[in-house]
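Here is the structure we will look at.
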Amino acid sequence: MTKMNRISALFAQATEPVLNVYTTAGFPRFEDTMTVLNALQAGGVDIIEVGMPYSDPVADGETIQLSNQASLEQGMSVAHLFAQLKDMRKTITVPVLLMGYINPVLQYGVEAFCAKCAEVGVDGLILPDLPMVEYEASYREIFEKYGLYNILLITPQTNDERIRHIDSVSKGFIYMVSSASTTGAKTGISADQEVYFSRIAAMNLQNPRLIGFGISDHESFMKASKNASGAIIGSAFVKMIAQAKDLSAEIVDFVQAIKGKK
């Protein structure tokens, strides 16, 4: 299976809701990145989303902001992250995404960054502050050259025309933001959100969808998955690992509990 196909292959083969878990690189300790990735896979996660720490993570709430700050204070950088992921594919077989903000990517150099992603085995990127127009005009060819999927986001405020366009340029899946707030601001799924999920489901988009923001336990994971291919958990996981005494064991337990395997 080639790097560019891991995400698509996952959705083509999935028989249960897909669980994507976000973790901040270099957190809780600088050297924990691969420990966390291996434990997530051991627990049964389907996609791992690795956050690239940034000083101003505007889409993220307090929990993930604090993890970004702690990681940066311990010396984490894009270059250090790539060094930590160098041998990732010796043990990690699930799709891996890098999530972050465009500024560190521009500083690294977009083509150099994408080449490095391909080299270590990253499958796609989530860059919430990269305008789609700019992506299509300047970066799409580079992403595609290195087999990287650009995962685009939609919100309850995204109009149908834009959703259709996002669907037409997307590969892998579409990230459905469940509400117009930052990560971790709310937990659970409200009636209004269910109306939004149903509206998008009725559009019959060509790409699978994963729902993020507000997913924190098995109940909210399954509720979100009724109207999508699965869901994304971030803040609840970051909060848990910040307090973990036995990091690997508690990560395995967390993932299995979310998937209803415990």
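The values are calculated or read from the model by the stated rules, or taken from the named source; none is laboratory data. Quick caveat: nothing in here was measured; it's all calculated off a predicted structure. Virtual Cβ from ideal backbone geometry, glycine too; neighbours counted across all protein chains shown. Areas reflect the complete protein model, heavy atoms only, side chains present, ligands, DNA and RNA absent. Shrake-Rupley method; radii C 1.70, N 1.55, O 1.52, S 1.80 Å.
From the list PHE27, PHE11, which residue is closer than 23 Å to LEU127 by Cβ, among the aromatic types (Phe, Trp, Tyr) and assigned to a helix (DSSP H, G or I)?
The conditions single out PHE11.
Looking only at residues of region 237-259 that are among the basic types (Lys, Arg) and not in a helix (DSSP H, G or I), we find that the one that is least open to solvent (accessible area, probe 1.4 Å) is LYS259.
Among the residues making up region 138-166, those that are under 25 Å from GLU194 (Cβ atoms), open to solvent by less than 10 Å² (accessible area, probe 1.4 Å) and either in a helix (DSSP H, G or I) or not β-branched (Val, Ile, Thr) (or both) are ILE163, ILE166.
Any idea which of LEU37, LEU130, LEU97, LEU125 is among the hydrophobic types (A, V, I, L, M, F, W, C) and assigned to a loop (DSSP other than H, G, I, E, B)?
LEU130
Of everything in region 75-97 that is over 30 Å from SER179 (Cα atoms) and in contact with an Asp or Glu (Cβ under 9 Å, 6 or more places away or on another chain), the residue that is most open to solvent (accessible area, probe 1.4 Å) is LYS86. Does region 108-118 hold any residues that are touching a residue at least 24 places away in the same chain (Cβ under 8 Å) and either surrounded by 24 or more Cβ atoms within 10 Å (Cβ to Cβ) or more than 17 Å from LYS171 (Cβ to Cβ) (or both), and which are they? The answer is TYR108, VAL110, GLU111, PHE113, ALA115, LYS116, CYS117. Just one of the listed residues (GLY214, GLY184, GLY188) is modelled with pLDDT under 95, open to solvent by less than 20 Å² (accessible area, probe 1.4 Å) and assigned to a loop (DSSP other than H, G, I, E, B), namely GLY214.
Taking region 217-233 as the range and being charged (D, E, K, R) and either farther than 18 Å from ALA257 by Cβ or not in a helix (DSSP H, G or I) (or both) as the test, the residues that pass are ASP217, LYS226.
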